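Colleague: Pasting in a structure now, in structure tokens, and then I'll have a few things to ask.
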Amino acid sequence: MKIKNFTSVLLWAVITSVAIASCDKNNDEEQPSADPTEGLAKIQEFSAPESPYTVTLYNKTGRLQLGYTKVYFAVTDKDGKFIDNATLSDFPEMDMGMNMKHSTPRSAITKVEGKALYEAYYAFLMYSGQGNGKWYYDLKYTVGNVTDSISDAEIEVRNVFRPDDTTERKVIQSVKAIDGSEKRYVVTLVEPQKPQVGANEITAYIHERQDANTYPAVENFTLKLDPRMPGMENHSSPNNVDLTWDATKKIYKGTVNFSMTGYWKLNLILKNQEGTTLYGNAVEGETEASSLFFEVEF
Ligand SMILES: [Cu+2]
């Protein structure tokens, strides 16, 4: 009798410690499923009627804006659980009236590794209200065997200003190549978003406008860079590096050196892989700017 009791106590102790250990293990595994949207600001929620899922659009600023806009999507079920195996696709379209409609350069929506979150970027060609246009958004999402879609949800794309909050700042430009090819390109400034005195990484995208809705990314072009301060005798700065294609990061990358704070015009010349100029011109003599440029002020 005594021995049997001892055995059951021992057995109980073993079972309990195994249970505690597996409990600990579960807790560890659940750690990464903490809110994947932490630190992000909500832009808009999308949910198809009767859909068991909601898609919420986020980014760091809580707003979509002219030019480069990075975004994140979270997919949640009715209980607010974050879904990590969804697939999403979208179609933003600007309706400018008179049957004039166009989309904009953008990436596919892909999964963020290790998080129940999805990411994409847009290069918005126009802001809401520009040319009396409005932006509408189509979104399709699939979770398991459920596919739902939303169409024509209005989204707001804001204009981008210099620090006075009044003067428009150029961050994206559509051009028609001057090499006789009649090809159209969109050049979009990505970084620096927070410029500082000294060397800054500068990045940009180039997309070809094949038609109003088709804008594939273009690789292996070059953007020659000549930053100037028009307010200060159009002086430049040393040690700038032209933007070239970074095949790993899939973006054009160079260095812009801001030798002081203020208003800078980043003059550019767009060249194809053969080195032929497609748009833009050198700043020299009476020519104070390129026809292709971005603006930065800080
Ligand atoms: Cu438009």
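Coordinate-derived values only; no laboratory data. None of these values were measured; they are calculated from a predicted model. Neighbour counts run over all protein chains shown; Cβ positions are idealised from the backbone, glycine included.
Colleague: What is the Rg over Rh value, at two decimals, for the chain, using alpha-carbon atoms and the Kirkwood definition of Rh? Intermediate values should be presented prior to the final figure.
Modeller: Details: Rg = 25.8 Å, Rh = 22.3 Å.
Rg divided by Rh gives 1.16.
Colleague: So if we plug the beta-carbon distance of residue 213 and residue 277 into 1/(1 + (r/R0)^6) with R0 = 25 Å, what FRET efficiency do we get, rounded to 0.05?
Modeller: Values: r = 28 Å, r/R0 = 1.11.
Computed FRET efficiency for residue 213 and residue 277 comes out at 0.35.
Colleague: Give me the aspartates and glutamates in straight-line cross-link reach of residue 265: C-alpha distance below 12 Å, same-chain residues under 8 apart excluded.
Modeller: In chain and number order, the partners are 226, 288, 295, 297.
Colleague: Still on this structure: Whole-Å semi-axes of the range 23-141's equivalent ellipsoid, largest first, each the root of 5 times a Cα gyration tensor eigenvalue?
Modeller: 32, 15, 11
Colleague: Next question, about the same structure. Excluding residue 175 itself, what net charge comes from residues whose Cβ is under 15 Å from its Cβ, given Lys and Arg +1 and Asp and Glu -1?
Modeller: +4
Colleague: Follow-up question, since we're still on this one. Roughly what % of DSSP beta bridges within the chain run antiparallel, to the nearest 5?
Modeller: 95 percent
Colleague: When only Cα pairs under 8 Å and 6 or more residues apart are kept, what is the percent relative contact order across the chain?
Modeller: Over the chain, the number comes to 12 percent.
Colleague: Another question, if that's okay. Enter the per residue convex hull volume of the range 146-220, computed from alpha-carbon coordinates, in Å³ rounded to the nearest integer.
Modeller: 211 Å³
Colleague: If the cut-off is a Cα-Cα distance under 16 Å, which aspartates and glutamates reach residue 111, setting aside same-chain residues fewer than 8 apart in sequence?
Modeller: Filter leaves 35, 84, 90, 119.
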